1. Filter segment B:15-50 for residues that are touching a His at 6+ places or on another chain (Cβ under 9 Å) and either within 11 Å of chain A (Cβ to nearest Cβ) or of a type in the set (Lys, Arg) (or both) and give the result.
2. Quick one: residue B:34 ticks every box in (1) part of a loop (DSSP other than H, G, I, E, B); (2) within 14 Å of the chain's Cα centre (by Cα) except a single one, so which number is it?
3. Which ranges mark the strands (runs of 3 or more DSSP E) fully within segment A:1-96 that have 3 or more residues being of a type outside the set (Asp, Glu) and within 10 Å of chain B (Cβ to nearest Cβ)?
4. Residues B:24, B:78: which one is under 28 Å from residue A:109 (Cβ atoms) and in contact with an Asp or Glu (Cβ under 9 Å, 6 or more places away or on another chain)?
5. Can you confirm whether segment A:85-108 contains a residue that is modelled with pLDDT of 95 or more, surrounded by fewer than 14 Cβ atoms within 10 Å (Cβ to Cβ) and touching a strand residue (DSSP E or B) at 6+ places or on another chain (Cβ under 9 Å)?
6. Quick one: residue B:43 ticks every box in (1) assigned to a loop (DSSP other than H, G, I, E, B); (2) under 18 Å from residue B:4 (Cα atoms) bar one, so which box is it?
7. Considering B:105, B:100, which residue is within 14 Å of chain A (Cβ to nearest Cβ), crowded, with 17+ Cβ neighbours inside 10 Å and touching an Asp or Glu at 6+ places or on another chain (Cβ under 6 Å)?
8. Within segment B:70-87, is even one residue modelled with pLDDT of 95 or more and within 14 Å of chain A (Cβ to nearest Cβ)?
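The values are calculated or read from the model by the stated rules, or taken from the named source; none is laboratory data. Note that this is a predicted model, so its numbers are computed, not measured. Quick reminder, even Gly has a Cβ in these numbers, built from the backbone with ideal geometry, and neighbours come from all protein chains shown.
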Amino acid sequence: GAGVSQSPSNKVTEKGKDVELRCDPISGHTALYWYRQRLGQGLEFLIYFQGNSAPDKSGLPSDRFSAERTGESVSTLTIQRTQQEDSAVYLCASSSPTGGTGELFFGEGSRLTVL
Amino acid sequence: GENVEQHPSTLSVQEGDSAVIKCTYSDSASNYFPWYKQELGKRPQLIIDIRSNVGEKKDQRIAVTLNKTAKHFSLHITETQPEDSAVYFCAVDTGRRALTFGSGTRLQVQP
C-alpha cells in the first residue's frame, strides 16, 4: 500500500474487555514495530517483528499484551482484560532495513480509551 | 537496556531564531541516531539521521551533530518558522533493531 495502515483509528472499550489492533505495513517491508504513546509522552517500545518472528518482545508491559504477524504482512496487537492505564495511542511502524537500521514509517495510530 | 535522555522538554523561540535540542545515550555500541518530528495529532516522521561514522550532517535549515566520545547528539534548527512548531524526538539504535526514543521536546516558534 501507499503507507502503513492501522485500524481501528479510535477504540473506546470498557475495563476488562479484550481489544485487537491491526497494522498493515508498507508492502515489502520486512520489519514491523509496535510503540505505545501515552498522552503528552514519548514513544514506548512494545515489540519488534522481523518477518513473522519476534526477536524482541522485551517491551510488552504484561502478559495481557500479545502480538502476532502473518508472514511479512499484517500484524495484530491484542490486549486482554484492558485496564485504564492501557489508554494510549498505539503506533505501528514498518521499515525495510538494508545493512542496518533504516527509516521507520509510522501509521496514524490507534487511539485506545479504556473507561 | 539503552537509556536516552532528551533536553529540554519544552522550548519556545522567536521566529528566525535558532533552536537546539540535545540527547544523551548510554550504550556505546549505538550506531544510528535519527530525529523524528511529530505535529499535533499526526504521525512521527523522520527529518534527519546520522550514523556513527560521521560527526555532522546538514539538510537545509536542520543539522545534527554527534559526539560519540561524550555519547550525545544534537538537533539544530536555524531560521525557525512557525511550521517548525511540533514535538521532536531523538532516537538511538540499540542494536536490537528497535529504536529507543527520547521523551520528546515540544518546540513552539512564536511569530
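1. Answer for segment B:15-50, where residues must be touching a His at 6+ places or on another chain (Cβ under 9 Å) and either within 11 Å of chain A (Cβ to nearest Cβ) or of a type in the set (Lys, Arg) (or both): just B:22.
2. (1)
3. In segment A:1-96, the matching strands (runs of 3 or more DSSP E) lie at A:31-37, A:44-50, A:88-95.
4. B:24
5. yes
6. (2)
7. None of the other options fit; the residue is B:100.
8. Yes.
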